Amino acid sequence: MALADTFSQIVDSLPDDWTDLELDLRIADEERYIDTAVYLVTCNAQPYSKHDWHWRLLVAHRFGHAASAPTVHGALKLLDDAGIAGELVVRQTRSGRVEVTQMWGRPQSVRDDFKRIRSQ
């Protein structure tokens, strides 16, 4: 199965309140390592050293310090289009966390809008 399709299935299987997703990626042909690294730079994949897996992908749902799900999907689609086969494994998911935002000094209308946008 294509990497982008596998990623879509993983994301679709998560609950709506997921916040962080950690995946490991291994490519089938290690001679294509440099080519793969070029495609994965857009989603800030972290290479492993001396490990059975090649990269760690950190994905954020609505907020956080990680690549967004559409960005990771796009990078994996580029790998699929380049004919680079591989395997994805879910290592960790987190859900139910809330974004903390400084609201001191902001009017109530901003607070209400922020709450409305984030609750969707």
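FYI, it's all coordinate maths here, none of it is from the lab. If you're wondering where the values come from, they're calculated on a predicted model, not measured in any experiment. Positions of Cβ are generated from backbone atoms using ideal geometry, with glycine treated the same way; all protein chains shown enter the neighbour counts.
What whole-number value in cubic angstrom gives the convex hull volume per residue for the C-alpha atoms of the chain? Don't skip to the answer; put the middle values down first.
Details: hull volume 14.3 nm³, N = 120.
Dividing the Cα hull volume of the chain by its residue count gives 119 Å³.
With springs only between Cα atoms under 10 Å, which of Gln46, Gln102, Gln92 fluctuates most in a Gaussian network model of the chain? Highest fluctuation among the options: Gln102.
What order do you get for 80-90, 15-25 when each peptide is scored by the mean count of other beta carbon atoms within 10 Å, highest first?
On the way: 80-90: 14.5, 15-25: 16.8.
With the highest mean Cβ count within 10 Å placed first, the list reads 15-25, 80-90.
To the nearest 500 deg cm²/dmol, what mean residue ellipticity at 222 nm is calculated for the chain from DSSP H runs of n ≥ 4 alone, each contributing -39,500 (n - 2.57), summed and divided by the residues?
Details: 4 runs with 43 residues, N = 120.
Taking each H run of at least 4 residues, the total per residue is -11000 deg cm²/dmol.
For Arg118 and Thr71, compute 0.36 nm times the residue count separating them, minus their Cα-Cα distance, and round to one decimal in nm.
Values: separation 47, 0.36 × 47 = 16.92 nm, distance 2.02 nm.
Stretched fully, the Arg118-Thr71 segment lengthens by 14.9 nm.
Less than 5 angstrom separates the built amide H of Ile84 from none of the residues sequence-distant by 5 or more or on a different chain. The phi-based Karplus calculation (6.51 cos²θ - 1.76 cosθ + 1.60; θ = phi - 60°) puts the 3J(HN,Hα) values of the range 22-33 at 10, 10, 10, 10, 10, 9, 6, 10, 5, 5, 9, 4 Hz, whole numbers, x for Gly and Pro.
Residues considered: Thr71, Thr42, Thr101. Largest GNM mean-square fluctuation over the chain, using C-alpha springs under 10 Å, is found at Thr101.
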